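Read-outs throughout are calculated quantities, based only on the coordinates presented, and are distinct from any laboratory measurement. Here the structure is a predicted model, which means the values were calculated and not measured. All Cβ positions, even for glycine, are placed from backbone atoms using ideal geometry, and neighbour counts span all protein chains on display.
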Amino acid sequence: MSDYDPNNIFARILRGELPCAKVFEDDHVLAFNDIHPQAPVHVLVIPKGAYISLDDFGARASDTEIAALFRAVATIARQLEIDVSGYRFLANHGTNAHQEVPHFHVHLFGGRKLGPMLSRKTTE
Ligand code: 5GP
């Protein structure tokens with residue numbers, strides 16, 4: 001786990017060094033609005049533990065932490081009243097997925113029709 005960068009942006013938000021627009025918090029999870037929203041609802045849901053990506057989270061997180069993250073996503077969706085109209089959650093891992101921030105996070109999108117799951121573009 002030595003590759004985790006403790007100075008990544010989300011680690012700094014977790015430590016209170018940078019502000020965020022918080023929408024949810026419990027013992028294991030923090031969620032806040034994305035700074036560049038791509039939908040009317042665009043929330044980032046992150047574990048409080050130091051995990052680089054889903055690969056790391058899936059390998060090392062406790063069952064309690066994993067359950068907490070999934071429950072938080074569903075709770076936030078109901079809280080923001082997108083549970084009936086529908087939503088998407090997505091996690092980017094690594095280079096091909098364009099992960100920018102190396103602290104595991106789930107994007108929660110909603111509030112409009114979200115279109116097809118993946119862009120048809122195959123190169124970038
Ligand atoms: P990724 O590409 O790593 O899955 O997504 C990173 C997300 O973090 C992007 O959607 C980006 O807009 C968001 N982001 C980057 N820096 C900040 C920040 O300082 N605050 C917030 N709230 N979101 C950020």
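Before moving on, here are some points about what is shown:
- Yes/no for residue 66 being surrounded by fewer than 20 Cβ atoms within 10 Å (Cβ to Cβ), farther than 15 Å from residue 25 by Cβ and among the β-branched types (Val, Ile, Thr): yes
- Filter result for residue 77 (surrounded by 13 or more Cβ atoms within 10 Å (Cβ to Cβ), in contact with a Lys or Arg (Cβ under 9 Å, 6 or more places away or on another chain) and among the small types (Gly, Ala, Ser)): no
- Considering the range 50-77, and only residues there that are of a type outside the set (A, V, I, L, M, F, W, C) and under 16 Å from the mean Cα position of the chain (by Cα), the residue that is farthest from the ligand (Cβ to nearest atom) turns out to be 71.
- Sole exception among (1) surrounded by 12 or more Cβ atoms within 10 Å (Cβ to Cβ); (2) away from the ligand (no atom under 11 Å from the Cβ); (3) on the phi < 0 side of the Ramachandran plot for residue 117, by number: (1)
- Matching entry among 8, 33 (being within 14 Å of residue 103 (Cα to Cα) and within 12 Å of the ligand (Cβ to nearest atom)): 8
- Of the candidates 35, 52, the single residue that is among the hydrophobic types (A, V, I, L, M, F, W, C) and surrounded by fewer than 17 Cβ atoms within 10 Å (Cβ to Cβ) is 35.
- Of the residues 70, 32, 57, the single one that is in contact (Cβ under 8 Å) with a residue 40 or more places away in the chain and either farther than 19 Å from residue 110 by Cβ or of a type outside the set (Gly, Ala, Ser) (or both) is 57.
- Residue list for the range 80-105, filter: in contact (Cβ under 8 Å) with a residue 40 or more places away in the chain, surrounded by 13 or more Cβ atoms within 10 Å (Cβ to Cβ) and within 16 Å of the ligand (Cβ to nearest atom): 80, 87, 89, 93, 99, 101, 102, 103, 104, 105
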